[in-house]
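Visitor: Please see the structure below; I have some questions.
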Amino acid sequence: MMFGSSSRRFLAVFASCCLALSSQATSVPKQLQRRAQCAATLETAEGVANVLQSMYYDASTGQYNGGSLWTDSNAFEDLHNLMLGADIDTWSTIADGTFIGRAAVAGFSSAQWADLIAGANDDAQWVILALWKMADYKSARGLSNVDLYLNAAATIYDLIAAQWDDTCGGGVWWSTAHTYKNAITNELFLYTSADGFLRGGGQTYLDNANNVWNWLSNSGMRNSQGLFNDGLVLGSCVNNGETTWIYNQGVIASGLAALYAAGGSTNATLLDQAEITLDATISLLTEDDILKESCDDALSGGAVCDADQQLFKGLWTKHVQYYLDMANDATRTAKYSPFLGSQESAVFHFGTDSSDAVGSVWYAPNQGGSIFTPKTSTSGLEAHVSAAKYGPC
Ligand SMILES: *[C@@H]1O[C@H](CO)[C@@H](O)[C@H](O)[C@H]1NC(C)=O
């Protein structure tokens, strides 16, 4: 494996000491604050990102071959998260060429965004997170069009907020077809609302964040093990008992920590609530301490994760990064640091092939069952970027 060289990792230990010097600014928003990052892990992340771009990204369309709106959006977010973390500018001009960046720069109307999102209220919120991260990067580097990205995010947010109604006591619908209320759409709404408030969105955002957490916490979607099932049965509004996908156990945490920060970092119960689910993930959705989706199988001929599910583990690691950003608490960071490091190591040793693409299976060496797509490389990239910030070095 190309990145396996222990000499590189050894040398990088020395380099990592010095990144801390520029990380002490206190007036910078939490999302932009830098902390000593693990140089070796950032270097691995850059390698994975370069391969992701060269294997799958089509600059003429601004999309990934074999991608989708929501998974592409996460990849765009990750490239910018990596550039901010590593203090590099490898993809400094990519934002305006991505298909969502083009729409933002074109000043898409609400109706145009609604067309592009095609009714998917969950997908739309991943787009918001990508637009915000691209704006953060542009803003940090003094690049143009920041306001167009922020305006686009606000326009999409309003479309989603309008999808809230009283069916099952509240919550936003999974899609504009209004057939399903589920965990991910509402966990994302908690995060976009609370983070939107922190970004200056105003009281409506904070009210929405409080409302959606009140609703989520009373919805019955979190089961007795502490894990969120997929959603609710429509008529009866009870937990549908469907799969406890790993991303659902991470996005709740970033949302709760953003709500904690939005409330002035006074109510630590919100963090304790988040950790019920993070801890349940670590004890229940792993094999030998490594995340394992129910559709993951290292052997060929077994289960295969679909195009959406291929990204879920990485999203958990990314949203734990955001959780720790917002919680801003050394004890909580120390609690999750070893686990994030183990995920990164598994991605590196078990998930990565000789071309430095990352496959779907992290928990064991690939024996034919790991699949390789832009989503699985994106997922692996997220594990590296998260561990670079919060894993051991
Ligand atoms: C803190 O958050 C918990 C969990 O949502 C909530 O039950 C409690 O009322 C909150 N406390 C305060 C003082 O707002």
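The values are calculated or read from the model by the stated rules, or taken from the named source; none is laboratory data. Owing to the predicted nature of the structure, the values given are computational and were not obtained by experimental measurement. We place every Cβ from the backbone using ideal geometry, glycine too, and count neighbours over all the protein chains shown. We work out accessible area using only protein heavy atoms, side chains counted, and drop any ligands, DNA or RNA first. Shrake-Rupley method; radii C 1.70, N 1.55, O 1.52, S 1.80 Å.
Visitor: Which order do the peptides 341-353, 97-109 take when ranked by the mean count of other beta-carbon atoms within 10 Å per residue, highest first? Provide the component values of the computation, followed by the final result.
Guide: Details: 341-353: 22.5, 97-109: 18.3.
Descending packing order for the listed peptides: 341-353, 97-109.
Visitor: Place a label point 7 angstrom from the Cα of His349 along the Cα-to-Cβ direction, then list the residues of segment 282-326 whose backbone nitrogen is under 18 Å away.
Guide: Counting only backbone N, you get 286-292, 298.
Visitor: If you don't mind, there's one more thing I want to ask. If amide H atoms are built 1.01 Å from N in the plane of the peptide, which residues on other chains or at least 5 residues away come under 5 Å of the amide H of Asp308?
Guide: Distant-sequence amide H within range of Asp308: zero hits.
Visitor: With both partners inside the chain, how many of the DSSP beta bridges are antiparallel, as a percent to the nearest 5? Please report the intermediate quantities before stating the final value.
Guide: Working: 11 of 12 bridges.
Within the chain, antiparallel bridges account for around 90 percent of the total.
Visitor: With a probe of 1.4 Å, find how much accessible area segment 68-162 has per residue, and write the answer as a whole number in Å². Provide the component values of the computation, followed by the final result.
Guide: Numbers: 2970 Å² over 95 residues.
In whole numbers, segment 68-162 has 31 Å² accessible per residue.
Visitor: For the chain, what does the equivalent ellipsoid look like in terms of its semi-axes, each the square root of 5 times an eigenvalue of the Cα gyration tensor, given largest first in whole Å? Display every interim value, and only then the final one.
Guide: On the way: eigenvalues 166, 118, 95 Å².
Value: 29, 24, 22 Å, ordered largest first.
Visitor: From the phi of every residue in segment 205-219, what ³J(HN,Hα) in whole Hz does the Karplus formula 6.51 cos²θ - 1.76 cosθ + 1.60 yield, where θ is phi - 60° and glycine or proline is x?
Guide: 4, 5, 4, 4, 5, 5, 5, 6, 5, 4, 5, 4, 5, 9, 7
Visitor: Could you please state, rounded to a whole Å, how far the C-alpha centre of segment 326-367 is from the C-alpha centre of segment 87-148?
Guide: Taking the Cα centre of segment 87-148 as reference, the centre of segment 326-367 is 27 Å away.
Visitor: Right, something else. Before rounding to the nearest 500, sum -39500 (n - 2.57) across all DSSP H runs of length at least 4 in the chain and divide by the residue total; then give [θ] at 222 nm in deg cm²/dmol. Walk me through the numbers before you get to the answer.
Guide: Working: 14 runs with 212 residues, N = 393.
So the helix-based figure for the chain works out to -17500 deg cm²/dmol.
Visitor: Let me ask something else about it. Can you give the log10 of the normalised intensity I(q)/I(0) at q = 0.16 Å⁻¹, computed with Debye over equal Cα scatterers of segment 68-162?
Guide: -0.57
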